[in-house]
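The structure appears right after this line, and notes come after that.
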Amino acid sequence: MTTSRRDGAVEVNRYVARIAARLNERVTQVSANIRQNLEADIPELRGDARTVELLGASVEGNVDTILHALRHDIPVAGIQAPAAAIEYARRLAQHGIPVNALVRAYRLGQRRMTELVFAELHAVDIEAEDRIPVVEVITTTLFEYIDGITQQVVAVYETEREQWLESRNSLRALRVREVLAGRRPVDVDAAIEAIRYPLHWYHVALVMWYPDTETSGDELTRLQRFVRELAEATDTGARPLFAAADGGSGWAWLPFRAANSAVVERIRDFAVARPEGPWLTIGEMASGIDGFRRTHRQAQAARSVAVAGGAVSKVLAASDPGLAAAALLGGDVGAAGQWVAHVLGELAADNDNDERLRETLRVFLGAGSSYKAAAAELDLHFNSVKYRVARAISRRGRPIEADRLDVELALLLCHWYGPAVLWRGAS
């Protein structure tokens, strides 16, 4: 039976509402704290940037809802799960994350929320006789909320998982993932027969997706059609392989009988010429089963840069100069941003002025510190390049000779990740 405070002491109600209000004043901070704890304790939740962002939205939605219920004495029995929590359950189902990871997230979230509540109890002056009733009301409400919401999101997860498995060729997709995982020896001939793809050949992997603003419900069908047309345009020696990654994105491999250095640019040209096509990242051409895995990892790494950095282009290739290094350096974008600020100082400000200075300095250093070569690449006058380089160094606040490599790497991160590693300073 649901516990209610409607018949409880007015004083207890007041204390509960006060504690909830104090936590609500920093709901974003509280939610971020819980999310960080969940990522640290549950490895399965450390997904791509979009999934992690959705986890944060789910946590904040739940925290805001429970605090609202506590503040206003709202029974939790009939509360519906926040929209972000429902969508997050669907996303985990699509990515094959075990349901027990989802359930554990709610239990650990409940524990962390309880710890934060107890910290507030110590900070609020409560009469001795009211302290235990306050604790009982809050902990009981938390338990009932988590119990009810967990049932809702698990039901959503199971429904989504069932539909997801029915909507794809589960055996083929499973074998593709087994080949990619490489956790045990693979019978290559059996795998070729199962996935109907020539693993002995040369491959170029793609990761494709549509931005959230362009979703229409038929993303997978559109992606498969795009891959078929791309395979025809690039003269593959066999049918391409497509595997759904989730409801709005997919993986693909294009097979070739021989190495072809022009394929990546042909793919880029094809994709850029189709404004209605997906966003995509391209791995480098590689051969055999190891190459099948490696080109996919490269495309995935490029996608992580595209998503975290807001994508400087609709089509990125792992072979683009500096992108592979940026992917390695940007494993923790928050930490990378702190390091960039340390290395570049005021030059790391997120504004148009400093962006021009950074790009000029990056090209200048990449051209061997040649003003003439940089001017040609940037299509600027020699003196303009010289002025901008001097201004960039001045904005940084110290010369670059002693730590030139750090400066070049920091500029590389700025180029690929943009605002994600910059700070919002004045121009």
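The values are calculated or read from the model by the stated rules, or taken from the named source; none is laboratory data. Since we're looking at a predicted model, the values are computed, not measured. Methodologically, a virtual Cβ is constructed for each residue, glycine included, from the backbone with ideal geometry; neighbour enumeration extends over all protein chains shown.
A few notes on this one:
- So residue 104, is it outside the structural domain of residue 307 (by TED's automatic domain parsing), part of a helix (DSSP H, G or I), out of contact with any strand residue (DSSP E or B) (no Cβ under 9 Å at 6 or more places or on another chain) and under 21 Å from residue 26 (Cα atoms): no
- Counting only strands (runs of 3 or more DSSP E) that sit completely within the range 184-301, zero hold 3 or more residues that are over 22 Å from residue 164 (Cα atoms), over 23 Å from the mean Cα position of the chain (by Cα) and in the same structural domain as residue 51 (by TED's automatic domain parsing).
- Where residue 79 falls short, out of the listed (1) surrounded by fewer than 21 Cβ atoms within 10 Å (Cβ to Cβ); (2) part of a helix (DSSP H, G or I); (3) at pLDDT 90 or above: (2)
- In the set 380, 329, 365, only one residue is in contact with a helix residue (DSSP H, G or I) (Cβ under 8 Å, 6 or more places away or on another chain) and within 30 Å of residue 50 (Cα to Cα); that residue is 329.
- Conditions (1) among the aliphatic types (A, V, I, L, M); (2) under 22 Å from residue 37 (Cβ atoms); (3) out of contact with any helix residue (DSSP H, G or I) (no Cβ under 7 Å at 6 or more places or on another chain): number failed by residue 142: (3)
- Count of residues meeting criterion [more than 22 Å from residue 201 (Cβ to Cβ), charged (D, E, K, R) and touching a residue at least 12 places away in the same chain (Cβ under 8 Å)] in the range 257-280: 1
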